[in-house]
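Enquirer: If you scroll down you'll find the structure; I have some questions about it.
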Amino acid sequence: MARSRTKRTSGIAELENGARMTQPEFHQLYEQTPEDFRAELIGGIVYVSSPLKLRHGTNHLSLGTLFFAYQGHTPGVECEDNTTVQLGEESEPQPDLYLRILPEYGGQSRTTEDDYLAGAPELVAEIAQSSQSIDLHTKLLDYARYGVREYLVVCLREGQLRWFDLPADEELHPDRDGVYRVRVFPGLWIHGAALLAKDYGRLMATLQQGLAAPEHAAFVARLAAARAPAGGRKPAKRGSGGKRGSTM
């Protein structure tokens, strides 16, 4: 049902930087704002996003392409771009990218009736430019608190990819060949230098090596074995929920 213009703009005044509220309060107000308004709730605090620069968009696309290719070779895995995540009682972020295991394959998140994601995706990625201090501190703590397992941050100012095992509270590092071998999604191999250089050939060649590795085949087999039987748990709806556009 179409909403009136008055109702769609009524939430903006309350969603100011630094405002404190719960996730249900934030979500109710955010639903009333125009489609071009972007905000997140992180640790119970509202953050209104800034306009995005070209470097953010081009680097976002590079990593998103890699995630989408991995999804295409890994049944039971889904990637999303700029989707609102109802993460917890004080958190509703809109990650740049995430990969999740679908619930019918044993994943820890679900799709709500109104087409949002509830619960933590297994892997979250952020492209950090103006938002770097938030991405590496407040967001990192929130993602760890609510169950995200691995976290990637593309730091554009420094030209580096940072990788975290959140349950272990540990920053991870690439192997000696410069490849980040993601743990929660076996076979997702990311060549750090190629990603930052937007070297499509090297980036995809490294991914293909990961997809050909025995651990990826074993992961695909585990997902297939975990799939809910017909007549069991209802599969979640698929597709990007949430408001369009990127965070910070």
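The values are calculated or read from the model by the stated rules, or taken from the named source; none is laboratory data. Keep in mind that this is a model prediction, so the values were computed, not measured. FYI the Cβ positions are ideal-geometry reconstructions off the backbone, even for glycines, and counts take in every protein chain you see.
Enquirer: Which of the residues spanning the stretch 107-133 are in a loop (DSSP other than H, G, I, E, B) and at pLDDT 95 or above? Can you show your working first?
Expert: Let us first name the residues in the stretch 107-133 that are in a loop (DSSP other than H, G, I, E, B), namely 107-109, 112-116, 119-122, 129-131.
Within the stretch 107-133, 107, 108, 109, 119, 120, 121, 122 qualify.
Enquirer: Checking residue 69 against (1) buried (at least 22 other Cβ atoms within 10 Å of the Cβ); (2) in contact with a helix residue (DSSP H, G or I) (Cβ under 8 Å, 6 or more places away or on another chain): exactly one of these is not met. Which one?
Expert: Evaluating residue 69 over (1) buried (at least 22 other Cβ atoms within 10 Å of the Cβ); (2) in contact with a helix residue (DSSP H, G or I) (Cβ under 8 Å, 6 or more places away or on another chain) leaves (1) as the failure.
Enquirer: Out of curiosity, is residue 117 touching an Asp or Glu at 6+ places or on another chain (Cβ under 9 Å), surrounded by fewer than 23 Cβ atoms within 10 Å (Cβ to Cβ) and aliphatic (A, V, I, L, M)? First the steps, then the outcome.
Expert: Details: touching an Asp or Glu at 6+ places or on another chain (Cβ under 9 Å): yes; surrounded by fewer than 23 Cβ atoms within 10 Å (Cβ to Cβ): no; aliphatic (A, V, I, L, M): yes.
Judged against the criteria, residue 117 is not a match.
Enquirer: Next up: For the stretch 166-189, indicate whether the set of residues that are in a helix (DSSP H, G or I), touching a residue at least 12 places away in the same chain (Cβ under 8 Å), surrounded by fewer than 21 Cβ atoms within 10 Å (Cβ to Cβ) and in the same structural domain as residue 68 (by TED's automatic domain parsing) is non-empty. Explain how you work it out, then say what you get.
Expert: Initially, the stretch 166-189 is screened for residues in a helix (DSSP H, G or I), giving none.
No; the residues of the stretch 166-189 include none that is in a helix (DSSP H, G or I), touching a residue at least 12 places away in the same chain (Cβ under 8 Å), surrounded by fewer than 21 Cβ atoms within 10 Å (Cβ to Cβ) and in the same structural domain as residue 68 (by TED's automatic domain parsing).
Enquirer: Another one. Counting just the residues of the stretch 21-47 that are touching an Asp or Glu at 6+ places or on another chain (Cβ under 7 Å) and among the hydrophobic types (A, V, I, L, M, F, W, C), which one comes out farthest from residue 137 (Cα to Cα)? Explain how you work it out, then say what you get.
Expert: Filtering the stretch 21-47 for residues touching an Asp or Glu at 6+ places or on another chain (Cβ under 7 Å) gives 22-23, 26-27, 29, 40-44, 46-47.
Narrowing the set further to residues that are among the hydrophobic types (A, V, I, L, M, F, W, C) leaves 26, 29, 41-42, 46.
Working: 26: 21, 29: 25, 41: 14, 42: 11, 46: 15 Å.
Checked the stretch 21-47; the qualifying residue farthest from residue 137 (Cα to Cα) is 29.
Enquirer: From the set of residues in the stretch 91-106 that are touching a helix residue (DSSP H, G or I) at 6+ places or on another chain (Cβ under 6 Å) and not hydrophobic (A, V, I, L, M, F, W, C), which is surrounded by the fewest Cβ atoms within 10 Å (Cβ to Cβ)? It would help to see each step written out before you state the result.
Expert: Looking only at the stretch 91-106, we keep the residues that are touching a helix residue (DSSP H, G or I) at 6+ places or on another chain (Cβ under 6 Å), and these are 91-92, 96-97, 99, 105-106.
Within this subset, residues satisfying the condition of being not hydrophobic (A, V, I, L, M, F, W, C) are 91-92, 96, 105-106.
Numbers: 91: 25, 92: 26, 96: 28, 105: 20, 106: 14.
Among residues in the stretch 91-106 that are touching a helix residue (DSSP H, G or I) at 6+ places or on another chain (Cβ under 6 Å) and not hydrophobic (A, V, I, L, M, F, W, C), the one surrounded by the fewest Cβ atoms within 10 Å (Cβ to Cβ) is 106.
Enquirer: Can you find a residue that is assigned by TED's automatic domain parsing to the domain that holds residue 175, assigned to a loop (DSSP other than H, G, I, E, B) and of a type in the set (Lys, Arg) anywhere in the stretch 139-152?
Expert: Our first condition is that a residue be assigned by TED's automatic domain parsing to the domain that holds residue 175; within the stretch 139-152, this holds for 139-152.
Subsequent filtering for residues that are assigned to a loop (DSSP other than H, G, I, E, B) retains 146-149.
Still in the running and of a type in the set (Lys, Arg): 149.
So far as the stretch 139-152 goes, yes, one or more of its residues are assigned by TED's automatic domain parsing to the domain that holds residue 175, assigned to a loop (DSSP other than H, G, I, E, B) and of a type in the set (Lys, Arg).
Enquirer: Can you find a residue in the stretch 140-160 that is at pLDDT below 95, within 20 Å of residue 57 (Cβ to Cβ) and either among the acidic types (Asp, Glu) or out of contact with any helix residue (DSSP H, G or I) (no Cβ under 7 Å at 6 or more places or on another chain) (or both)?
Expert: Yes, the conditions are met somewhere in the stretch 140-160.
Enquirer: Next question, about the same structure. Please tell me if residue 109 is buried (at least 20 other Cβ atoms within 10 Å of the Cβ), polar (S, T, N, Q), under 27 Å from residue 36 (Cα atoms) and in contact with a strand residue (DSSP E or B) (Cβ under 6 Å, 6 or more places away or on another chain). So that I can check it myself, show each step before the final result.
Expert: Numbers: buried (at least 20 other Cβ atoms within 10 Å of the Cβ): yes; polar (S, T, N, Q): yes; under 27 Å from residue 36 (Cα atoms): yes; in contact with a strand residue (DSSP E or B) (Cβ under 6 Å, 6 or more places away or on another chain): yes.
Yes: the conditions hold for residue 109.
Enquirer: Looking only at the stretch 156-165, count every residue that is farther than 13 Å from residue 126 by Cβ and either among the hydrophobic types (A, V, I, L, M, F, W, C) or assigned to a strand (DSSP E or B) (or both) and tell me the total.
Expert: At the first step, the residues of the stretch 156-165 found to be farther than 13 Å from residue 126 by Cβ are 157-160, 165.
Next, only the ones that are either among the hydrophobic types (A, V, I, L, M, F, W, C) or assigned to a strand (DSSP E or B) (or both) stay: 160, 165.
Residues flagged as farther than 13 Å from residue 126 by Cβ and either among the hydrophobic types (A, V, I, L, M, F, W, C) or assigned to a strand (DSSP E or B) (or both) within the stretch 156-165 amount to 2.
Enquirer: If you don't mind, another one. Just to be sure I understand, how many residues within the stretch 90-106 are under 26 Å from residue 20 (Cα atoms) and assigned to a strand (DSSP E or B)? First the steps, then the outcome.
Expert: So the first thing to find is which residues in the stretch 90-106 are under 26 Å from residue 20 (Cα atoms), and the list is 90-98.
Next cut, assigned to a strand (DSSP E or B) only: 91-92, 97-98.
Number of matching residues: 4.
Enquirer: Here is a follow-up. Just give me the residues in the stretch 123-148 being of a type in the set (Ser, Thr, Tyr) and over 27 Å from residue 102 (Cβ atoms), in sequence order. Even if it seems obvious, please write down each step before you answer.
Expert: Of the residues in the stretch 123-148, the ones of a type in the set (Ser, Thr, Tyr) are 130-131, 133, 138, 143, 146.
Result: 130, 131, 133, 138.
Enquirer: Oh, and also: Going by the conditions given, is residue 138 among the β-branched types (Val, Ile, Thr) and surrounded by 19 or more Cβ atoms within 10 Å (Cβ to Cβ)? Spell out how you get there, then give the answer.
Expert: On the way: among the β-branched types (Val, Ile, Thr): yes; surrounded by 19 or more Cβ atoms within 10 Å (Cβ to Cβ): no.
Judged against the criteria, residue 138 is not a match.
Enquirer: Can you name the residue in the stretch 25-56 that is part of a helix (DSSP H, G or I) and without any contact (Cβ under 8 Å) to a residue 12 or more places away in the chain and, of all such residues, is nearest to residue 131 (Cα to Cα)? Quick ask: steps written out before the conclusion?
Expert: First pass over the stretch 25-56, keeping only residues part of a helix (DSSP H, G or I): 25-30, 54-56.
Checking which are without any contact (Cβ under 8 Å) to a residue 12 or more places away in the chain leaves us with 25, 54.
On the way: 25: 24, 54: 14 Å.
The qualifying residue nearest to residue 131 (Cα to Cα) is 54.
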